[in-house]
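One structure below.
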Amino acid sequence: MAPIPPVPENDMSSAAAPRSEAFAAAAAGVIAMARYAGERHWVPATSGNFSVRIDGRLAALTATGADKARLVEDEVIEAEISGPKHPRASAEAPLHLARYAADSAIGAIAHIHSLPATLLSRRHEAEGALRLEGWELLKAFTGIKTHEIALDIPIVPNDQDTDRLAALVEERLKSAGPVPGYLIAGHGLYVWGATAKDAIRHMEAFDFLLTAELSEENAK
Ligand SMILES: [Zn+2]
């Protein structure tokens, strides 16, 4: 994984309100995920967004419009999980915040527009899920101990109303069983983990698995 950038020792010199150490640590995790994905071209044209839970009430989130491969702390905002919308939040912030509200085990979330995720999400939209089965690398996901498993990754239709989309996602995930992520048709992938490090591993595993799946389907 990409090295986690150093956290500034003292943020008090900035003109803005002082941010907590907990925010700085969370922002470092957001930056690590964003740069990792940016370097791999999974977030083209300032798309994608990343977040890390600070506590039960707050999360650090990428601000709208940032170049994720070159993300810096000023482009990370502190948002309330169940509060009013932050003025610099991206349109997709509700999709992050709804996950934190629904599952206290989630500590970090990444949203990427990688090519295999985008292609497969559109191809399998009518089925409502993409089945990943029999691949050794499924074991990279937390809690999975064997390749002898079928993981159905939910696919939801895309929607520019992200509050409505977040509600639909949470409804679908209630019946999906434990999954490390979901796909939005023709759009991309949401993936999470207990920490930013776990979310990075899960991003990397998804990229490998979806690339393998796409290659295999295309060869048929
Ligand atoms: Zn997106």
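Just so it is clear, none of the values below were taken in a lab; they were calculated from the coordinates. Keep in mind it's a predicted model, so treat the numbers as computed, not measured. Positions of Cβ are backbone-derived with ideal geometry, glycine not excepted, and every protein chain shown enters the neighbour counts.
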Each label sits 7 Å from Cα toward the beta-carbon; between Ser215 and Ala91 the label points are separated, in nm, by 3.4
The value for the range 21-219 (convex hull of the alpha-carbon atoms, volume per residue, Å³) is 108
Sequence order, the range 156-168: Karplus ³J(HN,Hα) from phi using 6.51 cos²θ - 1.76 cosθ + 1.60, θ = phi - 60°, Hz rounded, Gly and Pro as x, gives 10, x, 5, 7, 6, 7, 6, 5, 5, 5, 4, 5, 5
If each part is reduced to its alpha-carbon centroid, the range 177-220 and the range 137-166 end up apart, in Å, by 7
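Fully extended, how many nm does the chain gain between Glu21 and Lys139 (0.36 nm per residue separation, minus their Cα-Cα distance)?
On the way: separation 118, 0.36 × 118 = 42.48 nm, distance 3.36 nm.
Contour length minus the Cα-Cα distance gives 39.1 nm.
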The pairs in Lys68/Lys145; Lys145/Lys220; Lys139/Lys174; Lys68/Lys174; Lys85/Lys139 lying past 27 Å Cα-Cα in this model are Lys68/Lys145; Lys145/Lys220; Lys68/Lys174; Lys85/Lys139
